[in-house]
1. Starting from segment 389-411, take each residue that is within 16 Å of residue 346 (Cα to Cα) and polar (S, T, N, Q) and list its partners that are modelled with pLDDT under 95 and outside any helix (DSSP H, G or I), counting only C-beta distances under 6 angstrom and pairs at least six apart or across chains.
2. Restrict the check to segment 142-151 and report whether at least one residue is under 28 Å from residue 264 (Cβ atoms) and assigned to a loop (DSSP other than H, G, I, E, B).
3. Within segment 210-227, is there a residue that is in contact with a strand residue (DSSP E or B) (Cβ under 6 Å, 6 or more places away or on another chain) and not assigned by TED's automatic domain parsing to the domain that holds residue 393?
4. Could you list, in sequence order, all residues of segment 397-420 that are buried (at least 17 other Cβ atoms within 10 Å of the Cβ) and not in a helix (DSSP H, G or I)?
5. List the residue pairs whose Cβ atoms are under 6 Å apart, where the first residue sits in segment 29-57 and is in a strand (DSSP E or B), the second is of a type in the set (Ser, Thr, Tyr), and the two are 6 or more positions apart or on different chains.
6. Just one of (1) assigned to a helix (DSSP H, G or I); (2) in contact (Cβ under 8 Å) with a residue 12 or more places away in the chain trips up residue 282, so point out which.
Amino acid sequence: MTDVKDDAAPTILDLPIGLNTSGERKEFDSLGVVMVPADRYWGAQTQRSLKHFNIGHDRMPKEVYHAYGYVKKAAAVVNTQAGRLPAWKGRLIQQVCDEVIGGALDDEFPLYVFQTGSGTQSNMNVNEVVSNRCIQLVGGKLGSQEPVHPNDHVNMGQSSNDTFPTAMNIAAYRMTTEKTVPALMRLRGAIEAKSRQWADIVKIGRTHLEDACPLTVGQEWSGYAGALDDAIAEVERTSSELLMLAMGGTAVGTGLNAPPGFGDQVAEQVAAMTGFPFKTAPNKFTAQGTLDRMVRAHAGLKAAAVTLFKIANDLRWLGSGPRTGLHELILPANEPGSSIMPGKVNPTQAEAVLMVSIQVIASDVAVTMGGAEGNFELNAFRPILINNYLHSALILADMCDHFREFMIEGAQLNEAKLKENIDRSVMMVTALSPVIGYDQASVISHYAIDHDTTLKQAALANGVSEELFDRIVDPLAMTRGGSADLPAGRS
């Protein structure tokens, strides 16, 4: 149904959210009458979904419904401007959509993740709640679907097939941009600050888990900061693809029942409302038949998880000990580490990072499979994708902030251990190699290991002068690249 004239506007009541009643009321849909709790705004299709898809404890994320508030509000604006909705109905729908966006109606969105793969029931959940709240605000009878109809008015010019992926992209992009990326950047900043603080403190590097040449702690941590720079850039790049919205394609991408330009106009409204540069997808058949953009965006989150896994794993090993591990780092003691071993402290924040990373990597499998399973003009695995995406983006954001606050910022160096490792390392012989030759340097290295001596003692025992050793084997100088000057005749 399309309204072609401005109906007489009723008085809009100033009523708080809530239905002070008990028992049940009748709601109906195309299949007949359904009894719903009288103190809830949802209608028949929501109630049917609660019965048929009562699966586990996974509920559709609230961020999807907040995003849906923008979708329905933007559509109401466009439909009102086009004269398809009476002005008062358009304004009233927008008013209720603001309540949806702000989270005031969160309790009215109870549906499970594992439902129809198109997200139709969540779309109708929103339509029913907005309709009944509008009806309440004009003093009407809930369940009557008059004067604001869930399909004819709230869903005007729309289909679940284009609104749900639109809401998915809005929710995912907002979560990533407002939470995940800023948290990654804060973590990166804290690591970079440590890199500067420890710029001239020398330590022994490790390759293949074995002793290697020296570097500074600052250089090592600059590697972590650089890895996070790359990860952040990738998350930003891949999530930017979510700015393309399917809205306007309606059922199969053709735009049936939507006026010309509807998708462009709704995208413009969503962009204005959210402050993000959303645009209409150039090809609605792609936007509705695939979820490839979200698959790629989640792959960006997975890549960030891989980076975080490496950093956290390094730090928990560098902090291992305190007596029999590496113990180069002194990690903050946030909580007792054992119920049986007094005084034990564990690298719990690093362990949590590893678990979050594992979860995100595992979720990427679900996202990938769901994205691959789209058939013909509709990908019918949308709920599992958006649930996994939002979960990954949220736990990455929260974990980055906890890791930064409770581990990175409080980490200290065990400088005595670092110096001991430098003094005992035989890989410092690498600096002598260009001067005395690889073979002779190897003899010195093996001599030190076999006789359990320092490298200097081994070098002196094998014909290297003390003056040459002290001049060439300079730990800090070795961290700055280049080679020692070769004596005449050696190349």
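The values are calculated or read from the model by the stated rules, or taken from the named source; none is laboratory data. Note that the structure is a prediction, hence the values are computed from the model and not measured. Ideal geometry is used to build each Cβ from the backbone, glycine not excepted, and the neighbour counts take in all protein chains shown.
1. Matching pairs, first to second residue: none at all.
2. Quick first cut of segment 142-151, residues under 28 Å from residue 264 (Cβ atoms) only: 148-151.
Now drop any that are not assigned to a loop (DSSP other than H, G, I, E, B), which leaves 148-149.
Within segment 142-151, one or more residues are under 28 Å from residue 264 (Cβ atoms) and assigned to a loop (DSSP other than H, G, I, E, B).
3. For segment 210-227, residues in contact with a strand residue (DSSP E or B) (Cβ under 6 Å, 6 or more places away or on another chain) and not assigned by TED's automatic domain parsing to the domain that holds residue 393: absent.
4. Matches in segment 397-420: 411, 413, 414.
5. Listed by first residue and then by second, the contacts come to nothing, as the list is empty.
6. (1)
Listed here are the residues, each with its yes/no results for (1) at positive phi; (2) assigned to a loop (DSSP other than H, G, I, E, B); (3) in contact with a Lys or Arg (Cβ under 6 Å, 6 or more places away or on another chain); (4) among the small types (Gly, Ala, Ser).
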| position | (1), (2), (3), (4) |
| --- | --- |
| 97 | no, no, yes, no |
| 140 | no, yes, no, yes |
| 167 | no, no, no, yes |
| 176 | no, no, no, no |
| 185 | no, no, no, no |
| 193 | no, no, no, yes |
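Residue-wise test of (1) surrounded by 20 or more Cβ atoms within 10 Å (Cβ to Cβ); (2) farther than 17 Å from residue 272 by Cβ; (3) among the β-branched types (Val, Ile, Thr).
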residue	(1), (2), (3)
50	no, yes, no
53	no, yes, no
72	yes, no, no
85	yes, yes, no
89	yes, yes, no
107	no, yes, no
